[in-house]
Amino acid sequence: MAKALDGVRILDFTHVQSGPTCTQLLAWFGADVIKVERAGAGDITREQLRDIPDVDSLYFTMLNHNKRSITIDTKHPEGKQVLEALIRKCDVLVENFAPGALDRMGFSWERIQELNPRMIVASVKGFGPGPYEDCKVYENVAQCAGGAASTTGFDDGPPVVTGAQIGDSGTGLHLALGIVTALYQRTHTGRGQRVLAAMQDGVLNLCRVKLRDQQRLDRTGVMKEYPQYPNGTFGEAVPRAGNASGGGQPGWILKCKGWETDPNAYIYFITQAPVWAKICNVIGKEEWATDPAYATAPARLPRLKEIFAEIERWTMTKTKFEAMQILNKHDIPCGPILSMKEIAEEPSLRKTGTIVEVDHPKRGKYLSVGNPIKLSDSPTDVKRSPLLGEHTDEVMAELGYSTEQITALRTAGAI
Ligand code: CAO
């Protein structure tokens, strides 16, 4: 079946995580993604966090599916010529080098425009223009600079980073949207353009609700759905809200049966206002449904701690899956805390292709996260990541190089 991005050629000059997540998505949607790697070394993640000696790491394989790999020394004069040929042939160049690296290589926006005015040049950088624009940035730096860390964790503890890679993979997603949007605009204008996704901006976009809360705090000095109300104090900045919901329906993480030994025997419980009476029935506190101190959402806000403690007395008598089943029967929103082990073994995720088993010639079978975005007319077929330089000859031949020329460039160290 045809794919949404069939015919789109991507010069994938990305490494580590943020850029590769973006180009992997584009490859899953059908783009021909040609990953340019440093001759002899490749993307640094090929060797990071290895679990099998001398085999591409899971870090690399799980971020580079459906791509082709070509090795070029882009600082070598003849290597530069190969890169120029690729720029002429491709629609999009995606990169996430440290600021200025592409210019230092001799490929400024102006130069790329000369070579191919239709080219879209998409970049991940740590920061947008401003005081930090020259800084190198990794995931957790972005989480800290984008507002996530200061608003994550508990009030009496330090800022906390989240395991979700909102700085890297989150920014890759933002960049991918920018690229397909620029491709669409190009169909009208015929021109390429630059696309920038700064990691700080991407994280902040995902922390939008916290900037909302900053302004509520500035205006009223208090936020009644936060655990600081009414027992603690609010300072000048949005505090860490523990496991509070962040929305208008209060929620918290509660212990379930087995919590003493299982670190994930917990459930997220939301006291959604429309189902309050059902919650009261389920936990055996029928009187709360009519008691004016508990019956309305505003009346409950100063009592959330006590209310969740009471609900927890009930959840502790059930496993998280039993609780889930009972609560869902009553339309009470809740979610089990699933471990990675449980997710990896979940049959429904395998069925939808969200978790896939991939075969690799050197490592054998491994699990990966498939395409989380499902298109009905463009199904995703997850293919293993390329070995370093696996497609160098193939891509060079497509660029018009003869076997003799390829051999000569290899001997010269350009590829
Ligand atoms: N041939 C020859 N040289 C190559 C090459 C190739 N095929 N590919 C890359 N290089 C060179 C670059 O030209 C650059 O050289 P200069 O420093 O001399 O200009 C150098 O390799 C590597 O660039 P780098 O500075 O990007 O790499 P780093 O490991 O020092 O930094 C990182 C890594 C991620 C901190 C930095 O790239 C960065 O800040 N990127 C932007 C933000 C980002 O994406 N962060 C997310 C990282 S996790 O996903």
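The values are calculated or read from the model by the stated rules, or taken from the named source; none is laboratory data. The structure displayed is predicted, hence computed values, not measured ones. Virtual Cβ from ideal backbone geometry, glycine too; neighbours counted across all protein chains shown. Just so you know, the surface numbers come from the protein's heavy atoms only, side chains and all, with ligands and any DNA or RNA stripped out. Shrake-Rupley method; radii C 1.70, N 1.55, O 1.52, S 1.80 Å.
Since Trp28 meets every condition but one in (1) touching a Ser or Thr at 6+ places or on another chain (Cβ under 9 Å); (2) within 13 Å of the ligand (Cβ to nearest atom), which condition does it not meet?
So the condition that Trp28 fails would be (2).
List the strands (runs of 3 or more DSSP E) that sit entirely inside segment 1-120 and contain at least 1 residues that are within 28 Å of the chain's Cα centre (by Cα), closer than 28 Å to Ser376 by Cβ and among the acidic types (Asp, Glu).
Hits in segment 1-120: 9-13, 32-37.
Name the one entry in Gly153, Gly172 that is on the phi > 0 side of the Ramachandran plot and buried (at least 17 other Cβ atoms within 10 Å of the Cβ).
Gly153
Can you tell me which residues in segment 50-67 are of a type in the set (Lys, Arg) and either buried (at least 19 other Cβ atoms within 10 Å of the Cβ) or not assigned by the TED database to the domain that holds Val356 (or both)?
Once the filter is applied, which keeps residues that are of a type in the set (Lys, Arg) and either buried (at least 19 other Cβ atoms within 10 Å of the Cβ) or not assigned by the TED database to the domain that holds Val356 (or both), segment 50-67 yields only Lys67.
For segment 297-404, give me every one of the helices (runs of 4 or more DSSP H) that falls completely inside it and has 1 or more residues that are on the phi < 0 side of the Ramachandran plot and in contact with a strand residue (DSSP E or B) (Cβ under 8 Å, 6 or more places away or on another chain). Before the answer, list the steps.
Working: elements: 297-300, 304-315, 320-329, 340-344, 347-352, 392-398.
The qualifying helices (runs of 4 or more DSSP H) are 304-315, 320-329, 340-344, 347-352, 392-398.
Could you pull out the residue among Ala198, Ala145 that is of a type in the set (A, V, I, L, M, F, W, C), within 16 Å of the ligand (Cβ to nearest atom) and in contact with a strand residue (DSSP E or B) (Cβ under 6 Å, 6 or more places away or on another chain)?
Every option except Ala198 fails the conditions.
Mind listing just one residue for me: the one in segment 372-415 that is of a type in the set (S, T, N, Q) and under 26 Å from the mean Cα position of the chain (by Cα) and, of those, surrounded by the most Cβ atoms within 10 Å (Cβ to Cβ)?
In this case the residue turns out to be Ser385.
Could you check, for segment 347-354, whether at least one of its residues is under 24 Å from Phe269 (Cβ atoms) and among the small types (Gly, Ala, Ser)? Step through it out loud before you land on a result.
Here is the first cut: in segment 347-354, the ones under 24 Å from Phe269 (Cβ atoms) are 348-349.
Subset that is among the small types (Gly, Ala, Ser): 348.
Checked against the condition, which is being under 24 Å from Phe269 (Cβ atoms) and among the small types (Gly, Ala, Ser), segment 347-354 yields at least one hit.
Yes or no, residue by residue, for (1) open to solvent by 10 Å² or more (accessible area, probe 1.4 Å); (2) farther than 28 Å from Tyr184 by Cα; (3) away from the ligand (no atom under 12 Å from the Cβ); (4) acidic (Asp, Glu):
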{"site": "Asp6", "(1), (2), (3), (4)": "yes, no, yes, yes"}
{"site": "Ile10", "(1), (2), (3), (4)": "no, no, yes, no"}
{"site": "Val16", "(1), (2), (3), (4)": "yes, no, no, no"}
{"site": "Cys22", "(1), (2), (3), (4)": "no, no, no, no"}
{"site": "Asp32", "(1), (2), (3), (4)": "yes, no, yes, yes"}
{"site": "Gln48", "(1), (2), (3), (4)": "yes, yes, no, no"}
{"site": "Ile70", "(1), (2), (3), (4)": "no, no, no, no"}
{"site": "Lys80", "(1), (2), (3), (4)": "yes, yes, no, no"}
{"site": "Phe97", "(1), (2), (3), (4)": "yes, no, no, no"}
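Do we find a residue being touching an Asp or Glu at 6+ places or on another chain (Cβ under 7 Å), open to solvent by 40 Å² or more (accessible area, probe 1.4 Å) and outside the structural domain of Ala148 (by the TED database) anywhere in segment 314-333?
No, there is no match, as no residue in segment 314-333 is touching an Asp or Glu at 6+ places or on another chain (Cβ under 7 Å), open to solvent by 40 Å² or more (accessible area, probe 1.4 Å) and outside the structural domain of Ala148 (by the TED database).
Any residue in segment 124-142 that is near the ligand (Cβ under 7 Å from one of its atoms) sitting within a Cβ distance under 6 Å of a residue that is polar (S, T, N, Q) and open to solvent by less than 30 Å² (accessible area, probe 1.4 Å)? List the pairs, counting only those 6 or more apart or interchain.
Val124/Ser18; Val124/Asn96; Val124/Thr171
Go through segment 245-286 and report how many residues are open to solvent by 60 Å² or more (accessible area, probe 1.4 Å) and either of a type in the set (A, V, I, L, M) or outside any loop (DSSP other than H, G, I, E, B) (or both).
Selection size over segment 245-286: 5.
Glu225 is checked against (1) acidic (Asp, Glu); (2) open to solvent by less than 40 Å² (accessible area, probe 1.4 Å); (3) modelled with pLDDT of 95 or more and fails just one. What number does that condition carry?
(3)
Criterion first (open to solvent by 30 Å² or more (accessible area, probe 1.4 Å) and either farther than 27 Å from Ala176 by Cβ or in contact with a Lys or Arg (Cβ under 9 Å, 6 or more places away or on another chain) (or both)) does Pro347 satisfy it?
Yes: the conditions hold for Pro347.
Would you point out which residue out of Gly364, Gly400 is farther than 22 Å from Phe60 by Cα, in the same structural domain as Val55 (by the TED database) and of a type outside the set (D, E, K, R)?
Working: Gly364 fails: farther than 22 Å from Phe60 by Cα.
Among Gly364, Gly400, only Gly400 is farther than 22 Å from Phe60 by Cα, in the same structural domain as Val55 (by the TED database) and of a type outside the set (D, E, K, R).
Output the residues belonging to segment 109-130 that are surrounded by 15 or more Cβ atoms within 10 Å (Cβ to Cβ) and of a type in the set (Gly, Ala, Ser).
Answer for segment 109-130, where residues must be surrounded by 15 or more Cβ atoms within 10 Å (Cβ to Cβ) and of a type in the set (Gly, Ala, Ser): Ala122, Ser123, Gly126.
Restricting attention to segment 99-123, which residues are without any contact (Cβ under 8 Å) to a residue 60 or more places away in the chain, more than 13 Å from the ligand (Cβ to nearest atom) and touching a Phe, Trp or Tyr at 6+ places or on another chain (Cβ under 9 Å)?
Correct list: Leu115 only.
Can we say Lys89 is more than 12 Å from the ligand (Cβ to nearest atom) and either of a type in the set (Gly, Ala, Ser) or in contact (Cβ under 8 Å) with a residue 40 or more places away in the chain (or both)? Steps first, please.
Working: more than 12 Å from the ligand (Cβ to nearest atom): yes; either of a type in the set (Gly, Ala, Ser) or in contact (Cβ under 8 Å) with a residue 40 or more places away in the chain (or both): yes.
Criteria met by Lys89.
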